[in-house]
Amino acid sequence: MLRRLPRRVAMALAGALTATLVAGTVVGIRWWHEEQRPDLARATSYAPASTERMSWTDWQAVRRTIGADLDEHPSTSEVTAFLDEAFGRDLSTSSALVESAPILNERFGFSPATLDWELLAQGPQGAVDILGFPDDTDFEALADTLESLGFARPDDEHGVWLGGADVLARVGPELTPELQFFALLPDAGVVLTSDTQGYLEEAIRSATGETEHLASVDDVVEAADSPLAAAVFTGDYACEHLAMAAADDTDQAQAEELVRLAGGVHPMTGFAMATQPGGEITVGMSFESGDVARHDADARSVLASGPAPGQGGDFTDRFDVTSATAQGPVVQLDLQPVPGQYVLSDLSSGPVLFATC
């Protein structure tokens, strides 16, 4: 015969069950939101807060765009042919792995021909390449491969696999320095690599949620959505390295006059230039307020439609501005490249007038 529990015991059990269900629901909601975000937004959420510049390549989408028919274990010649085709379409220049791809394919068992995506995040203290692997990746096998190549297995599963320049030299030539140290995060389906152990440790803490990630570019990353390739800068980095500060005195003087005629511009908080699946280029710039963004949408559209001091010629030689809009604090310019022009790779380094501050 079942006995009725004392009321206080029953209430305690009910409370514990409710708390468990609520916690499980919260975890489920967080997991759902994580999975629903575009890959670029998810990747940037792993980047350390000290990151200044990010370079994005959606390798899975690039393969679809090119029509590359590659299996899980392509030959090195197939990898090279794929990357040659991607380069010809200006879809590979954001990657840190292109020169390393043949050896990666042969010795490590992965390459841009098999990765889902890649985000190179660079800051003052170093760089980390954040690599998205397919869902069915065998991370234990990848760990065994790293160990066989000479990387020292860490004590902690999220620790740093120690390699260094000597290990890379033994594995093969032309490997990028960003492959000296590894971290495997199988729960996220991500591998982190870096040129310095300390910076990789910082990246691990960010990727696992122990420390803050780079948040100042969230608005422009959201606006970029799901591009094939992209360059993403913090506002401070864009103002110093992408804008007209890099131009000579003559070009700076011309730029100042063009900016005056356009009505002036304001400093950005974030910047993203992205190649979309349809081939158009979107430029996102975030500002401190919606009022500032509405002003700059007009001014920067004018600047993107005229002379290109520091680059040579006019921007219209490279693209047509098809729209300029402001939504909240974000300005978006939609650019249609002129056939044969490599807009993303050409204009992801300064001086770029319409990115001036």
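The values are calculated or read from the model by the stated rules, or taken from the named source; none is laboratory data. Treat the numbers as computed from the prediction; the structure is a model and nothing was measured. Please note: Cβ atoms are built from the backbone with ideal geometry, for glycine as well, and neighbour counts cover all protein chains shown.
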Subset tally (residues that are in a helix (DSSP H, G or I) and hydroxyl-bearing (S, T, Y)) for region 58-105:
4
Within region 282-329, can you find the residues that are within 20 Å of R260 (Cα to Cα) and among the acidic types (D, E)?
D291, D296, D298, D314
Given the condition at pLDDT 95 or above, crowded, with 16+ Cβ neighbours inside 10 Å and under 17 Å from the mean Cα position of the chain (by Cα), answer yes or no: does some residue in region 147-167 qualify?
no
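Within region 45-72, take every residue that is of a type in the set (F, W, Y) and within 11 Å of the chain's Cα centre (by Cα) and give me the one that is surrounded by the fewest Cβ atoms within 10 Å (Cβ to Cβ). Break it down into steps so the answer makes sense when it comes.
Initially, region 45-72 is screened for residues of a type in the set (F, W, Y), giving 46, 56, 59.
So of that shortlist, the ones also within 11 Å of the chain's Cα centre (by Cα) come out as 46, 56.
Values: Y46: 24, W56: 27.
Checking each candidate, the answer is Y46.
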Can you find, within region 248-276, the residue that is surrounded by the fewest Cβ atoms within 10 Å (Cβ to Cβ) among those that are closer than 15 Å to D296 by Cα and of a type in the set (A, V, I, L, M)?
L261
Anything in region 111-122 that is touching a Gly at 6+ places or on another chain (Cβ under 9 Å) and part of a loop (DSSP other than H, G, I, E, B)? List them, or say none.
L115, D116
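Consider region 197-224. How many of its residues are β-branched (V, I, T), surrounded by 19 or more Cβ atoms within 10 Å (Cβ to Cβ) and part of a loop (DSSP other than H, G, I, E, B)? Give the steps one after another, and end with the answer.
Step one: filter region 197-224 for residues β-branched (V, I, T), giving 204, 208, 211, 217, 220-221.
After this cut, where a residue has to be surrounded by 19 or more Cβ atoms within 10 Å (Cβ to Cβ) as well, the list is 204, 217, 220-221.
Next cut, part of a loop (DSSP other than H, G, I, E, B) only: 217.
Residues in region 197-224 being β-branched (V, I, T), surrounded by 19 or more Cβ atoms within 10 Å (Cβ to Cβ) and part of a loop (DSSP other than H, G, I, E, B): 1 in total.
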Working only within region 123-161, note down all residues that are in contact with a helix residue (DSSP H, G or I) (Cβ under 6 Å, 6 or more places away or on another chain), part of a strand (DSSP E or B) and either under 18 Å from A188 (Cβ atoms) or polar (S, T, N, Q) (or both).
V128, D129, I130, W161
Just give me the residues in region 322-347 being farther than 15 Å from A224 by Cα, touching a residue at least 12 places away in the same chain (Cβ under 8 Å) and either crowded, with 22+ Cβ neighbours inside 10 Å or of a type in the set (G, A, S) (or both), in sequence order.
S345, L347
I'm trying to understand the selection: among the residues of region 40-55, which are farther than 16 Å from D219 by Cα and not in a loop (DSSP other than H, G, I, E, B)?
P48, S55
Which pairs do you get when a residue that is outside the structural domain of V232 (by TED's automatic domain parsing), found in region 75-101, comes within reach of a residue that is assigned to a loop (DSSP other than H, G, I, E, B) and among the aromatic types (F, W, Y), reach meaning Cβ atoms under 7 angstrom, with the pair 6+ apart or on two chains?
D90/Y342
Could you check D317 against (1) loosely packed, with under 15 Cβ neighbours inside 10 Å; (2) in contact (Cβ under 8 Å) with a residue 40 or more places away in the chain and say which number it fails?
(2)
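Pick from P102, P124, P134: which is over 22 Å from the mean Cα position of the chain (by Cα) and not β-branched (V, I, T)? Reasoning before the result, please.
Values: P124 fails: over 22 Å from the mean Cα position of the chain (by Cα); P134 fails: over 22 Å from the mean Cα position of the chain (by Cα).
Result: P102 is the single residue among P102, P124, P134 that is over 22 Å from the mean Cα position of the chain (by Cα) and not β-branched (V, I, T).
Evaluate the following for T234: is it among the hydroxyl-bearing types (S, T, Y), buried (at least 19 other Cβ atoms within 10 Å of the Cβ), modelled with pLDDT of 95 or more and in contact with a strand residue (DSSP E or B) (Cβ under 6 Å, 6 or more places away or on another chain)? I'd like the intermediate steps shown before the answer.
Values: among the hydroxyl-bearing types (S, T, Y): yes; buried (at least 19 other Cβ atoms within 10 Å of the Cβ): yes; modelled with pLDDT of 95 or more: yes; in contact with a strand residue (DSSP E or B) (Cβ under 6 Å, 6 or more places away or on another chain): no.
The answer is no for T234.
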